[in-house]
1. Among the residues of the stretch 200-230 satisfying the criterion of being among the aliphatic types (A, V, I, L, M) and touching a residue at least 60 places away in the same chain (Cβ under 8 Å), which is farthest from residue 172 (Cα to Cα)?
2. Looking only at residues that are over 29 Å from residue 51 (Cβ atoms) and of a type outside the set (D, E, K, R) in the stretch 262-284, which one is modelled with the lowest pLDDT?
3. How many residues are in a loop (DSSP other than H, G, I, E, B) and in contact with a Gly (Cβ under 6 Å, 6 or more places away or on another chain) if we restrict to the stretch 254-282?
4. Which of the numbered conditions does residue 213 fail, given that it passes all the others? Conditions: (1) of a type outside the set (Phe, Trp, Tyr); (2) surrounded by 13 or more Cβ atoms within 10 Å (Cβ to Cβ); (3) in a loop (DSSP other than H, G, I, E, B); (4) at pLDDT below 95.
5. Right, residue 233: touching a residue at least 24 places away in the same chain (Cβ under 8 Å) and either touching a helix residue (DSSP H, G or I) at 6+ places or on another chain (Cβ under 9 Å) or farther than 30 Å from residue 70 by Cα (or both) or not?
6. Quick one: residue 299 ticks every box in (1) under 30 Å from residue 144 (Cβ atoms); (2) touching a residue at least 60 places away in the same chain (Cβ under 8 Å) bar one, so which box is it?
7. Search the stretch 164-182 for residues being surrounded by fewer than 17 Cβ atoms within 10 Å (Cβ to Cβ) and in a strand (DSSP E or B), and hand back the single one that is modelled with the highest pLDDT.
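The values are calculated or read from the model by the stated rules, or taken from the named source; none is laboratory data. These numbers were taken from a predicted model, which means no experiment stands behind them. Heads up, the Cβs are rebuilt from the backbone with ideal geometry, glycines too, and the neighbour counts pull from every protein chain shown.
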Amino acid sequence: MGGRRGRGLSWAWAVVLAIAAALVWAAPASATATNLEREVEVGFTLKGSNGYELLVLGGSARADGAGSIEILVHRGRAVARYGVPATVTEGSIEADFGAFGRIDVQLVKSGERRTGRCAGKPAPYQPASYVGTVEFHGENGYTDVSASTVAIEYPALFRLFCGLVSVGELTTSGVGLPGAALTVGGRGREAPLHIDAHKNKKAGRTWLSASESETREGIAISRSVSVVAGPDAFEYDPTLRWATLSPPAPFSGTGAFHRGAAKANRWTGDLSVDFPGDPGASLTAPGLGVRLVHSEYSQHRS
């Protein structure tokens with residue numbers, strides 16, 4: 001039997017929650033013991049236009065506040081992520097997202113003491129708001145946010161983070177398995193373009209995800225979309241000489257794999273996807289690597 005390949009945190013909500021759960025903000029390697037103090041973590045949510053929600057996460061482990069801020073924009077199974085260096089302290093956040101906007105806020109506490117529940121245990125908190133400027137302008141106007149006051153919704157954050165369930169993936173590959181896995185693009189999730197399609201039998205359902213990443217003017221950007229579709233979305237022959245992807249919206253068109261073709265023509269077609277902020281992104285650009293193997297795919301929660 002072939003190898004087993006595990007990869008955690010599948011699909012859009014899992015991506016959002018996984019990043020949220022992984023708030024470990026290490027100081028740069030050049031930091032010295034004198035500028036390390038204690039870890040500061042911040043987070044709040046906003047409603048964007050066109051049905052999108054924004055989750056702002058960040059933190060710093062340095063006394064001077066040098067850290068990071070990320071804005072995760074999500075709607076259904078579509079996620080876009082924007083990350084920049086930032087100054088994060090217990091009382092303020094400063095982050096410049098260039099043409100996408102900025103965050104420049106001060107924390108104002110109410111002085112009132114309340115208690116929520118986190119993983120079944122009491123969680124004391126003090127109602128507070130960020131006051132200042134929060135702006136985000138998505139590419140091509142897919143979503144927009146402008147706020148001068150953002151209340152920190154602690155009960156909502158408790159529900160989001162406490163008792164967090166992560167979704168993982170496990171793919172077993174090997175000759176004799178009835179399913180198939182088609183991988184297109186570079187290696188790893190951080191590749192500029194990546195497609196994963198899985199199916200455990202020819203008449204079974206299809207799991208399909210696509211992602212892209214780039215760095216624009218110092219801003220790390222990644223976008224992903226995923227669907228669970230019917231058998232027709234991913235078809236292949238038993239000997240894996242060919243395969244086609246014809247998934248539903250937000251995908252369109254078809255991608256075709258031909259094992260016997262010249263390397264430059266093994267992955268062709270007009271398959272595209274509407275990423276948040278990048279509609280109509282081509283998924284069949286020249287030069288993409290492609291791999292088709294027999295496999296068995298499963299998801300698990302932990």
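1. Here the residue is 219.
2. 264
3. Of the residues in the stretch 254-282, 4 are in a loop (DSSP other than H, G, I, E, B) and in contact with a Gly (Cβ under 6 Å, 6 or more places away or on another chain).
4. All conditions are met except number (3).
5. So residue 233 passes the test.
6. Here residue 299 meets the rest and fails (1).
7. This residue is 170.
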